[in-house]
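The values are calculated or read from the model by the stated rules, or taken from the named source; none is laboratory data. Here the structure is a predicted model, which is why all the values come from computation and not from measurement. Don't worry about glycine lacking a Cβ; one is built from the backbone with ideal geometry, like all the others, and counts go over all protein chains shown. To get the accessible areas, we keep the full protein, side chains included, count just its heavy atoms, and leave off ligands, DNA and RNA. Shrake-Rupley method; radii C 1.70, N 1.55, O 1.52, S 1.80 Å.
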Amino acid sequence: MKKKAIITFVFAAITMGVWAQNTDDRQESDTKKVESLSAPVDSVPAQYPGGTEALIKFLSKNIQYPAKAERYGVEGRVIMNIIVDADGTIKDISATNCEIVRFNSTKFAQETQAKQKELKELFAKQFAKEGFRVIRKMPKWIPGTINGKNIRTKYRIPITFRCPD
């Protein structure tokens, strides 16, 4: 049985990028191209239904701490990158910066150097895999808009796994 992970999720750590895809850019004049790159006046980023608090609640409820990671007292962090499409669906999920930030050195010391490296890689992959699993369960988001038109939005969601002990 897997225990729930204790998740550190800091709103200030969420970063997002917003861009509109305009297929007519190639046909516009150079002046119009420059104007289209300026910051839009009326832009609203995509958001999880219910806002940031609901997103934190969803992640806290659904993320499971990998059992083997708990046995070794491993804690880690993964950055999940997602694209919220113009219709609110989540696409292009990827994980970056999967890292182990803490582990039980006594238990790790019982392993060979090669085994320690293998275990750290395994745990980083497990944290990323769990991030993928949970993000795939998310409902559609409220799409971002620029000047009233739905757009694709890029998000980075940091998830920190802390040992439940």
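Per-residue accessible area (protein heavy atoms, 1.4 Å probe) orders PHE103, PHE108 as PHE103, PHE108, starting from the largest.
For ILE82, the shell of other residues with beta-carbons less than 11 Å away shows a net charge of +3, using +1 for Lys and Arg and -1 for Asp and Glu. Backbone N atoms of region 87-121 closer than 20 Å to the 7 Å Cα→Cβ label point of ARG136 belong to residues 88-98. Charge tally for ALA46 (other residues, Cβ to Cβ under 14 Å; Lys, Arg +1; Asp, Glu -1): +3.
Multiplying the residue separation of GLN110 and SER60 by 0.36 nm and removing their Cα-Cα distance gives an extension gain of 14.8 nm. Between the C-alpha center of region 49-102 and that of region 105-165 there is a gap of 4 Å.
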